[in-house]
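The values are calculated or read from the model by the stated rules, or taken from the named source; none is laboratory data. What you see is a predicted model, and the numbers here were worked out from it, not measured in a lab. Neighbour counts run over all protein chains shown; Cβ positions are idealised from the backbone, glycine included. Keep in mind that these areas ignore ligands, DNA and RNA; they rest on the heavy atoms of the full protein, side chains included. Shrake-Rupley method; radii C 1.70, N 1.55, O 1.52, S 1.80 Å.
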Amino acid sequence: MTFFDSEIVRAEMAEISELQEEVYSNVMKFHYMNDEDKIYHIEILEKLIDKQKILYARLSLSDDPDAKKMKENIIESAAMMGIPSSTDMSKVFEQMSTMVQTLKIQIDKNQFSL
């Protein structure tokens, strides 16, 4: 069985796709959202980052050639966004989580406005 034949992996990837779609569909509306909707949007983003982090860890542990290729594609995509290819992607996910958590706290304190 290959990496992508796993029911768990397929389910996680489907959920990641759904979360990405939801995040992308609302990102341009963020400025106009009330605080409750902003928090909900951020919680979806947090869940997405967590799922991506787990998938990346699974890719890193796999010997499957397709999993290795997907991991390489993630690193290449990050490089196109200016992240050096030598950067530990786990740290990138952690930084993203920290930034999102900070944003959530600011909204909770009603100090955030765009």
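I'd like to know how the chain sits against the 2.2 N^0.38 Å rule of thumb: what's its Cα Rg over that expected value? Walk me through the intermediate numbers first.
Details: Rg = 15.9 Å, N = 114, 2.2 N^0.38 = 13.3 Å.
It is 1.20.
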query = According to the Cα gyration tensor, what semi-axes, each the square root of 5 times an eigenvalue, does the equivalent ellipsoid of the range 7-68 have, listed from largest to smallest in whole Å?
reply = 29, 10, 9
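For Lys109 and Tyr40, calculate 0.36 nm times their separation in residues minus their Cα-Cα distance, and state this gained length in nm to one decimal. Walk me through the intermediate numbers first.
Values: separation 69, 0.36 × 69 = 24.84 nm, distance 1.49 nm.
Answer, rounded to one decimal: 23.3 nm.
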query = So how strong a dipole does the range 1-78 carry about its Cα centre when Lys and Arg Cβ are +1 and Asp and Glu Cβ are -1, to the nearest 20 debye?
reply = 240
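Quick check on my link table: of Lys68/Lys104; Lys47/Lys69; Lys71/Lys109; Lys47/Lys109; Lys69/Lys91, which ones sit more than 31 Å apart, alpha carbon to alpha carbon? Before the final figure, lay out each step's value.
Working: Lys68/Lys104 34 Å; Lys47/Lys69 24 Å; Lys71/Lys109 38 Å; Lys47/Lys109 21 Å; Lys69/Lys91 20 Å.
Checking Cα-Cα distances, Lys68/Lys104; Lys71/Lys109 exceed 31 Å.
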task = For the range 16-69, calculate the relative contact order in percent as a whole number, restricting contacts to Cα pairs under 8 Å that are 6 or more residues apart.
result = 36
key: Rounded to 10°, Cα long-axis angle of helix 65-80 versus longest principal axis of the chain   = 40
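Would you mind telling me the share, in percent, of accessible area of the chain contributed by carbon and sulfur at probe 1.4 angstrom? Before the final figure, lay out each step's value.
Details: 4220 of 7710 Å².
Here it works out to 55 percent.
Tell me, what is the percent relative contact order of the chain, built from C-alpha pairs under 8 Å that lie six or more residues apart?
Result for the chain is 32 percent.
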